[in-house]
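Following: one structure in structure tokens, then a few remarks.
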């Protein structure tokens, strides 16, 4: 009986040591030869009149941060091997949870959308897509005091969506 247990223990040990699976949720599949990335400033489009300059600046910086953190590409201001351009095309606040007693909104939703053009080598369009995300907040809070936090939440989602669509290899 002892040799069988010993063989069983050795087999299990060997399987655990030799057969490992590595999962990685960061990093991306960068096109061959690409060493630099250019992410242009994403201005506010006339289609999003409620958006502030804060939304443009924070989104652009968040997108740059995601690509710098998840790839080994160097950021350049022009002539990048990979180029991302676009604009903020949607920025709206809408009520989402109407109170039955007062007929006012208990919660509101900030929605932001960006149009993204992704190029390889500056002139070869890989995709032209729109990405949208939202964040909900209590309507009794002053929007101007929580806008930055809401934008951070939305930007985290949008930038990861853009990364996954372009280099994520999902």
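The values are calculated or read from the model by the stated rules, or taken from the named source; none is laboratory data. Predicted, not measured: the structure shown is a model, and the values here were computed from it. Every residue, glycine as well, gets a Cβ built from its backbone with ideal geometry; the counts of neighbours run over all protein chains shown.
Restricting attention to region 58-66, does a residue exist that is surrounded by fewer than 21 Cβ atoms within 10 Å (Cβ to Cβ), in contact with a strand residue (DSSP E or B) (Cβ under 7 Å, 6 or more places away or on another chain) and farther than 11 Å from residue 40 by Cα? The answer is no; no qualifying residue exists.
For residue 66, the conditions (1) in contact with a helix residue (DSSP H, G or I) (Cβ under 6 Å, 6 or more places away or on another chain); (2) not in a helix (DSSP H, G or I) all hold with the exception of (2). So, of the residues in region 139-169 that are over 19 Å from residue 39 (Cα atoms) and part of a loop (DSSP other than H, G, I, E, B), which turns out to be modelled with the lowest pLDDT? Step by step, filter region 139-169, then rank; the result is 169. The set of residues in region 99-112 that are modelled with pLDDT under 75 and either in a strand (DSSP E or B) or under 27 Å from residue 158 (Cβ atoms) (or both) contains only 105. Just to be sure I understand, how many residues within region 76-89 are farther than 13 Å from residue 41 by Cβ and either free of Cβ contacts under 8 Å to residues at least 12 places away in the same chain or surrounded by fewer than 18 Cβ atoms within 10 Å (Cβ to Cβ) (or both)? Count: 2. Residues in region 69-91 that are more than 19 Å from the chain's Cα centre (by Cα) and either part of a helix (DSSP H, G or I) or under 23 Å from residue 164 (Cβ atoms) (or both): 76, 80, 81.
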